[in-house]
Amino acid sequence: MSGLLFFVLYLNLPYVETPKEKTLKRELANAQLRFELLNKKMEQAEAVLAEVQDRDNNLYRVYFEANPIPEEQRKAGFGGINRYKDLEGFDNSKLIIATNKRMDILTKQIVVQSRSLDEIAKLAEEKEKLLIAIPAIQPVKNEDLTRVASGYGYRTDPFTKARKFHYGMDFTAPRGTPVYASGDGVVERADATAAGYGKHIRISHGYGYESLYAHLYKYNVRKGQRIKRGDLIGFVGSTGRSEAPHLHYEIFKNGERINPIHFYYGNLSPDEFDALLRVAQQENQSLD
Ligand SMILES: [Zn+2]
């Protein structure tokens with residue numbers, strides 16, 4: 001066979017891949033497919049993470065009064081050196097680098113999100129302690145809600161008949177009716193040396209909250225005693241500036257007396273709350 005004939009034949013022959021080439025080609029196609037699938041999975045993971053981030057910023061962090069994490073901080077990439085240099089120069093470099101970058105950003109976002117949830121968990125624990133401590137029940141049994149005689153606001157003074165601000169809530173009850181602590185705390189005082197209150201108990205709940213129970217007949221606790229919500233602390237009476245046996249109940253936040261009506265959520269349904277609110281808002285005469 002002459003050289004020329006061989007050349008002509010060679011050109012006319014279809015290109016035949018060696019088995020090795022065939023295997024490599026298959027492997028390459030397989031790898032590309034795998035990268036595409038990986039990108040699909042990352043897309044799903046990103047979508048789930050985006051939802052968690054959204055809930056984190058707009059719900060959890062708002063509820064626990066933490067600042068939202070800014071978008072730039074969550075989605076921050078990596079500046080400075082090119083960390084994908086060793087992936088350059090191949091046929092599929094673009095795909096491989098993009099996939100790696102995507103994975104790195106996703107990983108970083110998960111770290112940021114995880115730290116945020118750790119912070120939320122700590123805040124939730126604090127909030128739970130606060131909710132246990134602050135007043136949340138009525139200080140006397142009031143199942144049919146008929147015991148509230150007078151609420152917080154302007155009322156007629158029972159002695160002078162003048163219009164005066166009444167800083168607490170009055171619960172009518174016979175002498176000797178049990179009085180309960182409305183939240184966990186420490187008895188700050190149990191004495192009769194403050195003007196007007198008669199025998200009274202003051203409980204410190206922490207977080208700036210205190211509750212006060214006045215005109216008592218008898219004490220069931222001493223100063224310095226640690227108590228739980230619902231503990232029996234004393235009995236209704238009419239000591240001090242009081243017209244008839246009743247419990248005068250006050251709530252303090254950072255030294256200011258606030259409306260106790262907002263601190264009964266522990267044992268009232270929404271309907272019961274509405275009913276109690278109506279009674280408490282009537283501008284009548286207080287028992288002081
Ligand atoms: Zn009163």
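Here, each number is a calculation from the coordinates, and none is a lab measurement. Everything numeric here is computed off the predicted structure, so don't read it as measured data. Cβ coordinates were reconstructed from backbone atoms using ideal geometry, including for glycine residues, and neighbour counts include every protein chain displayed.
Data table
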{"item": "The listed residue being in contact with a Pro (Cβ under 8 Å, 6 or more places away or on another chain) and touching a residue at least 40 places away in the same chain (Cβ under 8 Å), out of GLY237, GLY206", "result": "GLY237"}
{"item": "Residues within region 176-187 that are within 16 Å of the ligand (Cβ to nearest atom) and surrounded by fewer than 24 Cβ atoms within 10 Å (Cβ to Cβ), tallied", "result": "1"}
{"item": "Among (1) part of a loop (DSSP other than H, G, I, E, B); (2) out of contact with any His (no Cβ under 9 Å at 6 or more places or on another chain); (3) touching a residue at least 40 places away in the same chain (Cβ under 8 Å) - the single one ARG222 does not satisfy", "result": "(3)"}
{"item": "Test result for ILE233, out of contact with any His (no Cβ under 6 Å at 6 or more places or on another chain) and within 16 Å of the ligand (Cβ to nearest atom)", "result": "no"}
{"item": "Complete set of residues in region 13-68 that are farther than 28 Å from GLU119 by Cβ, not β-branched (Val, Ile, Thr) and not in a helix (DSSP H, G or I)", "result": "LEU13, PRO14, TYR15, GLU17"}
{"item": "Checking THR193 against (1) surrounded by fewer than 21 Cβ atoms within 10 Å (Cβ to Cβ); (2) part of a strand (DSSP E or B), the condition it does not meet", "result": "(2)"}
{"item": "So ALA149, is it buried (at least 21 other Cβ atoms within 10 Å of the Cβ) and away from the ligand (no atom under 16 Å from the Cβ)", "result": "no"}
{"item": "Test for ALA162: is it within 19 Å of ALA244 (Cα to Cα), surrounded by fewer than 19 Cβ atoms within 10 Å (Cβ to Cβ) and of a type outside the set (Phe, Trp, Tyr)", "result": "yes"}
{"item": "Residues located in region 236-259, provided they are touching a helix residue (DSSP H, G or I) at 6+ places or on another chain (Cβ under 6 Å) and within 11 Å of the ligand (Cβ to nearest atom)", "result": "TYR249"}
{"item": "Tally of residues being surrounded by 17 or more Cβ atoms within 10 Å (Cβ to Cβ), away from the ligand (no atom under 16 Å from the Cβ) and not hydrophobic (A, V, I, L, M, F, W, C) across region 260-281", "result": "1"}
{"item": "Enumeration of residues in region 159-174 that are in a strand (DSSP E or B) and either away from the ligand (no atom under 14 Å from the Cβ) or of a type in the set (A, V, I, L, M) (or both)", "result": "ARG163, MET169"}
